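The values are calculated or read from the model by the stated rules, or taken from the named source; none is laboratory data. Computed from a prediction, not measured in an experiment: that's the story for all the values here. Note that each Cβ is placed from the backbone with ideal geometry, even for glycine, and that neighbours are counted across all protein chains shown.
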Amino acid sequence: MTTKSPSTNPCIVVTGAAGFIGANIIKGLNARGITNIIAVDDLTQGDKFLNLVDLSIADYVDAKVFYERFTAGIYGKVEAVFHEGACSDTMEQNGQYMMDNNYSVSCDLFSACQAQGTRLLYASSAATYGGSDTFIETPTYEHPLNVYGYSKLLFDQRLRHLLGTKFENAKSQVVGFRYFNVYGNREQHKGRMASVAFHQFNQFKEHGHVKLFGEYGGYAAGMQQRDFVYIDDVVAVNLWFYDNPTLSGLFNLGTGRAQPFNDIAVSVVNTMNLLNSKTSRYDVQNLAQLVSQQRIQYIPFPAALVGKYQCHTQADLTALRAAGCDHVFADVSRGVSAYIQQLAAK
């Protein structure tokens, strides 16, 4: 495979730039010395500016006006768009709003990118798999449980229809990333949609314990499993594809490893105990010990989530590895510990 290096001073657009993944992608680009970045977002929620304040960008454009202007070509030659802007609230019930934000906008952006020779790297979601027990990027396993998952799936389907099943007919690079459960720095604005690790950090800080769902779906308390992926790994894979502009397709972006929510809780509590320790030595506690100490507690599974909850997710990385990406992902113990230390230092 031939790798074509992007230009030394490319103009890059990041939508959802003040959001969790978008802001971290800008941070990753800045680390490479890339600052010619147009940040696109909606700052109605004003505190999201905190995700941008320490980053270097060339311009900020409100999402309400950006897409029409981009289609008109007023920004000149744009090397690539990292499209992270979307409504990501899986509990949102307004289907029309969801489809406008996640499907229609993406379709228009895709058309403009293909017309202008701009590469598009966009956020899909593991929510496209929904109730499936297999997580491979093919229609057989795509069964979303909510309108958010469907809005993401419909855009993937649209691209398959236009470009072929592996996006092989794209005029310029098109890559979709099916993000699994991403956690890490710059997600503080997300409220209820922030990661389990973020919520548990705040629970422990305030109450001295964390809470998890009790048994559900044939899984014991806290044993429902997800593929938890650290934000630094998500950025690394996005930038790997940016470095390989001849590659297109739809790819899972998770660790390929399912871990129970209990693992998150154990890592959060042990890291907090270590940070709070008055001595230079702290003996790591296992799950049984932390439960007996009531540092980890369980609550009844919420009725509102019954039938709408994924009890097990695990990214199949076959396609990602076949593309040549051999990135090594952090496990929960390493990633969550690093994240909790960042949160505690603020």
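At-a-glance table
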item: Residue, farthest from S337 (Cα to Cα), within the range 273-295, restricted to residues that are over 33 Å from the mean Cα position of the chain (by Cα) and small (G, A, S); result: S292
item: One residue from G184, G217 being under 22 Å from S132 (Cα atoms) and either touching a residue at least 40 places away in the same chain (Cβ under 8 Å) or among the acidic types (D, E) (or both); result: G217
item: Candidate set: the range 302-346, residues that are in contact with an Asp or Glu (Cβ under 7 Å, 6 or more places away or on another chain) and hydrophobic (A, V, I, L, M, F, W, C); chosen: the one farthest from R226 (Cα to Cα); result: A319
item: Set K190, K171: member being of a type outside the set (G, A, S) and not in a helix (DSSP H, G or I); result: K171
item: Lone qualifier among V269, V291, V328 - being free of Cβ contacts under 8 Å to residues at least 40 places away in the same chain and within 16 Å of Q203 (Cβ to Cβ); result: V291
item: Residues of the range 130-149 classified as crowded, with 17+ Cβ neighbours inside 10 Å and at pLDDT below 95, total; result: 8
item: Residue within the range 241-255 that is surrounded by fewer than 19 Cβ atoms within 10 Å (Cβ to Cβ) and within 28 Å of G307 (Cα to Cα) present; result: no
item: Filter result (in contact (Cβ under 8 Å) with a residue 40 or more places away in the chain, more than 30 Å from V268 (Cβ to Cβ) and either surrounded by fewer than 19 Cβ atoms within 10 Å (Cβ to Cβ) or hydroxyl-bearing (S, T, Y) (or both)) within the range 164-181; result: K166, E168, K171, S172
item: Residues being more than 22 Å from V182 (Cα to Cα) and in contact with a strand residue (DSSP E or B) (Cβ under 7 Å, 6 or more places away or on another chain) - total across the range 222-246; result: 1
item: Qualifying residue in the range 83-104 (condition: modelled with pLDDT of 95 or more, acidic (D, E) and surrounded by fewer than 20 Cβ atoms within 10 Å (Cβ to Cβ)); result: no
item: Unmet requirement for D54, which otherwise passes all of (1) free of Cβ contacts under 8 Å to residues at least 60 places away in the same chain; (2) among the charged types (D, E, K, R); (3) touching a strand residue (DSSP E or B) at 6+ places or on another chain (Cβ under 8 Å); result: (3)
item: Hits in the range 126-168 (condition: part of a loop (DSSP other than H, G, I, E, B) and among the aliphatic types (A, V, I, L, M)); result: I136, L145
item: Single residue of the range 55-65 satisfying the filter (crowded, with 16+ Cβ neighbours inside 10 Å and out of contact with any Phe, Trp or Tyr (no Cβ under 9 Å at 6 or more places or on another chain)) that is farthest from V14 (Cα to Cα); result: L55
item: Some residue of the range 34-42 being surrounded by fewer than 16 Cβ atoms within 10 Å (Cβ to Cβ) and touching a Ser or Thr at 6+ places or on another chain (Cβ under 9 Å); result: yes
